[in-house]
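Taking it in order: structure first as structure tokens, then the write-up.
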Amino acid sequence: MAQSLADAAGHELVAMYRKREASPVEVTRAVLSRIDALNGRYNAFCLVDAERALEAARQSESRWMKGAPASAIDGLPATIKDIILTKAWPTLRGSRTVERDQPWTEDAPVTARLREAGAVILGKTTTPEFGWKGVCDSPLTGITRNPWNPALTSGGSSGGAALAAAFRMGCLHVGTDGGGSIRIPAGFSGVFGIKPTFGQVAAYPLSPFGTIAHIGPITANVEDAARMLTVLSRPDTRDWYALPPSVRDFSKGLDAGVKDLRIALSMTLGYASVDSEVAALVERAAKVLAEEGAIVERRDPGFPDPFETFRLHWFSGASLVRRAIPAERWPLLDPGFAAVAEAGERIPHMDYVTAVDRRGALGFHMQQFHTEYDILLTPTLPRPAFEAGQVSPNGVDQSNWMHWTPFSYPFNLTQQPAASIPCGFTAAGLPVGLHIVAAKYRDDLVLRVARAYERRHPINLPPLPA
């Protein structure tokens, strides 16, 4: 059990609420105090609303006192990435081009589901402008830093959410993932993050990046993510891509283990270059799952690098974002985002159509692959975190983040569920992520495998700075 209420896992807090050993108000105050102490240096939050959070906590406390909690996450402190709509709070998307002074009258589906479930929403977490890159800095909110070393990036684009999870500034953190934006910061920051099957979590409005963009949990442990995904998966009629409504509890069967699951281990996907320390840690993690009874074999999934297919989708989405902004405000844009949007404008129509066709072929290929293997394991990232304030590591093209994220974007194209869980540390003390991918609609398997690994190797969160 944690020594501080702010450090307790969400499922631990729920047990404490039930026994009246702690209250949502006490927990919220502890978390707000931690945010106040750390946010100025690390920059996880772009908005904190202590007054509204404490009012939500008081309402939750009343429900618990009556023995009538709204859900299995009632009273847990939560955050929303500043890409996602929140009633009464501005959603500026990390951009100076968005007018702050306008009516903010609507919650996105995930925000609404968390409120209905009684979660205590603390505020909004930082993002690069429009979530366009795999690190977390923007002209509006500055640089978000790594919890293990503030000179390094937290990863992005859900970097604020991952940092908040790592420093226990709340239990439940909503991220978005259009090419790795949940899994990249989870990997660099040393927490758990899952990109659910596309449509599992309703989105409104749909991301300008279209059907490659997912919404999902970032947490400090697997069980909290499963509870959170159960709530986020509840239906919303505003999303016409959403999966059919169903009542599903992702925490059920979480501890079923991995015995006899067929797992393919691919260290490079057949085309990536991986740091030797990263490779050694991922291979060790695969051995742990084999010791737990999984059938682990070395096997690449057998597709060429879909970099160009993804680039055409991503750059087209960026151009769509820019088109919605008045041209006179374009000079306010992050120059890197503006360059990507401009390149998107120049994509020939038939090149995009061809990319859509290739995406379909990749999805078909992976569906056939998963008739043979339940799970695909890879590194989350080919290297540990690098210097903050850069788009890419030193010596890599600074105009494009996709060159150093070869394991994440393929599975946005295929819409499969995929997660990152920490699997060890480099000699420099930086976390490395194990990437777990399953067939579409098998989010439960991703969580099961992550939980099986976590039981053997619980997630070690960073020490709090002095």
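The values are calculated or read from the model by the stated rules, or taken from the named source; none is laboratory data. Predicted model only: the values in this text are computed from it and were never measured. Note that we place each Cβ from the backbone using ideal geometry, even for glycine, and neighbour counts take in every protein chain shown.
On the basis of being touching a residue at least 24 places away in the same chain (Cβ under 8 Å), among the acidic types (Asp, Glu) and in a loop (DSSP other than H, G, I, E, B), does Asp260 make the cut? I'd like the intermediate steps shown before the answer.
Numbers: touching a residue at least 24 places away in the same chain (Cβ under 8 Å): yes; among the acidic types (Asp, Glu): yes; in a loop (DSSP other than H, G, I, E, B): yes.
Here the answer is yes, as Asp260 does meet what is asked.
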Condition check: in contact (Cβ under 8 Å) with a residue 60 or more places away in the chain, over 27 Å from Ala327 (Cβ atoms), touching a helix residue (DSSP H, G or I) at 6+ places or on another chain (Cβ under 9 Å) and not acidic (Asp, Glu). Does Ile83 satisfy that? no
Being part of a loop (DSSP other than H, G, I, E, B) and in contact with a His (Cβ under 6 Å, 6 or more places away or on another chain): is that true of Phe250 here? no
So if I check each of Ala166, Ala151, Ala162, which one is aliphatic (A, V, I, L, M), surrounded by 24 or more Cβ atoms within 10 Å (Cβ to Cβ) and farther than 19 Å from Ser33 by Cβ? Ala162
Does any residue of the stretch 319-328 turn out to be in a helix (DSSP H, G or I), touching a residue at least 24 places away in the same chain (Cβ under 8 Å) and of a type in the set (Gly, Ala, Ser)? yes
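This table checks each residue for (1) crowded, with 17+ Cβ neighbours inside 10 Å; (2) in contact with a Phe, Trp or Tyr (Cβ under 9 Å, 6 or more places away or on another chain).
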site	(1), (2)
Ile212	yes, yes
Ile218	yes, yes
Asn221	yes, yes
Asp224	yes, yes
Leu229	yes, yes
Leu232	yes, no
Arg248	no, no
Ser251	yes, no
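Is it the case, given these coordinates, that Ser189 is crowded, with 24+ Cβ neighbours inside 10 Å, at pLDDT 95 or above and either among the polar types (S, T, N, Q) or within 22 Å of Pro244 (Cα to Cα) (or both)?
Details: crowded, with 24+ Cβ neighbours inside 10 Å: yes; at pLDDT 95 or above: yes; either among the polar types (S, T, N, Q) or within 22 Å of Pro244 (Cα to Cα) (or both): yes.
Considered against the rule, which asks whether it is crowded, with 24+ Cβ neighbours inside 10 Å, at pLDDT 95 or above and either among the polar types (S, T, N, Q) or within 22 Å of Pro244 (Cα to Cα) (or both), Ser189 comes out as yes.
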Within the stretch 50-85, of all residues that are acidic (Asp, Glu) and in contact with a Ser or Thr (Cβ under 7 Å, 6 or more places away or on another chain), the one surrounded by the most Cβ atoms within 10 Å (Cβ to Cβ) is Asp82
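Pull up the stretch 384-400, narrow it to residues that are assigned to a loop (DSSP other than H, G, I, E, B) and more than 21 Å from Arg311 (Cα to Cα), then point me to the one that is modelled with the lowest pLDDT. Break it down stepwise before answering.
From the stretch 384-400, those assigned to a loop (DSSP other than H, G, I, E, B) are 384-386, 388-400; that's our starting set.
Subsequent filtering for residues that are more than 21 Å from Arg311 (Cα to Cα) retains 384-386, 388-389, 394.
Working: Pro384: 98, Ala385: 98, Phe386: 98, Ala388: 98, Gly389: 96, Asn394: 93.
Ranking the candidates gives Asn394 first.
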I'm checking my understanding of the structure. Among residues of the stretch 10-49 that are over 23 Å from Gly155 (Cα atoms), small (Gly, Ala, Ser) and touching a residue at least 24 places away in the same chain (Cβ under 8 Å), which one is surrounded by the fewest Cβ atoms within 10 Å (Cβ to Cβ)? Ser33
Scope the stretch 357-374; condition part of a helix (DSSP H, G or I) and touching a residue at least 40 places away in the same chain (Cβ under 8 Å); matching residues: Arg358, Arg359, Leu362, Gly363, His365, Met366, Gln367, Phe369
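Does at least one position in the stretch 416-425 carry a residue that is within 30 Å of Arg323 (Cα to Cα), touching a residue at least 60 places away in the same chain (Cβ under 8 Å) and surrounded by fewer than 24 Cβ atoms within 10 Å (Cβ to Cβ)? Steps first, answer last, please.
Within the stretch 416-425, the first condition is being within 30 Å of Arg323 (Cα to Cα), and the residues that meet it are 416.
From the residues that got through so far, the ones that are touching a residue at least 60 places away in the same chain (Cβ under 8 Å) too are 416.
With surrounded by fewer than 24 Cβ atoms within 10 Å (Cβ to Cβ) added as a condition, the list becomes none.
No, because not a single residue in the stretch 416-425 is within 30 Å of Arg323 (Cα to Cα), touching a residue at least 60 places away in the same chain (Cβ under 8 Å) and surrounded by fewer than 24 Cβ atoms within 10 Å (Cβ to Cβ).
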Using beta carbons and a limit of 9 Å, which pairs, at least six apart or on different chains, have the first residue in the stretch 279-293 and surrounded by 14 or more Cβ atoms within 10 Å (Cβ to Cβ) and the second one part of a helix (DSSP H, G or I) and among the hydroxyl-bearing types (Ser, Thr, Tyr)? Ala285/Tyr453; Val288/Tyr453; Leu289/Tyr453; Glu292/Tyr453
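Can you pull out the residues in the stretch 326-346 that are within 26 Å of the chain's Cα centre (by Cα) and either of a type in the set (A, V, I, L, M) or over 14 Å from Lys133 (Cα atoms) (or both)?
Correct list: Leu333, Ala338, Ala339, Val340, Ala341, Gly344.
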Among residues of the stretch 122-142, those that are basic (Lys, Arg) and under 18 Å from Pro393 (Cα atoms), counted: 1
Considering only residues that are closer than 14 Å to Arg311 by Cβ and in contact (Cβ under 8 Å) with a residue 60 or more places away in the chain, which ones fall in the stretch 337-356? Ala339, Val340
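In the stretch 128-137, is there at least one residue being touching a strand residue (DSSP E or B) at 6+ places or on another chain (Cβ under 8 Å), crowded, with 20+ Cβ neighbours inside 10 Å and of a type in the set (A, V, I, L, M)? Reasoning before the result, please.
Filtering the stretch 128-137 down to residues touching a strand residue (DSSP E or B) at 6+ places or on another chain (Cβ under 8 Å) leaves 128-129, 131, 135-137.
Narrowing the set further to residues that are crowded, with 20+ Cβ neighbours inside 10 Å leaves 128-129, 131, 135-137.
Pick out the ones that are also of a type in the set (A, V, I, L, M) and you get 135.
Checked against the condition, which is being touching a strand residue (DSSP E or B) at 6+ places or on another chain (Cβ under 8 Å), crowded, with 20+ Cβ neighbours inside 10 Å and of a type in the set (A, V, I, L, M), the stretch 128-137 yields at least one hit.
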Looking only at the stretch 306-341, count every residue that is closer than 24 Å to Trp404 by Cα and surrounded by fewer than 15 Cβ atoms within 10 Å (Cβ to Cβ) and tell me the total. 2
Taking the stretch 89-129 as the region of interest, how many residues are touching a helix residue (DSSP H, G or I) at 6+ places or on another chain (Cβ under 6 Å) and closer than 25 Å to Arg383 by Cβ? 4
Limited to the stretch 233-254, what total is found for residues that are in contact with a helix residue (DSSP H, G or I) (Cβ under 6 Å, 6 or more places away or on another chain), under 25 Å from Arg455 (Cα atoms) and not polar (S, T, N, Q)? 3
Sole miss for Arg168 among (1) at positive phi; (2) in a helix (DSSP H, G or I) is condition (2)
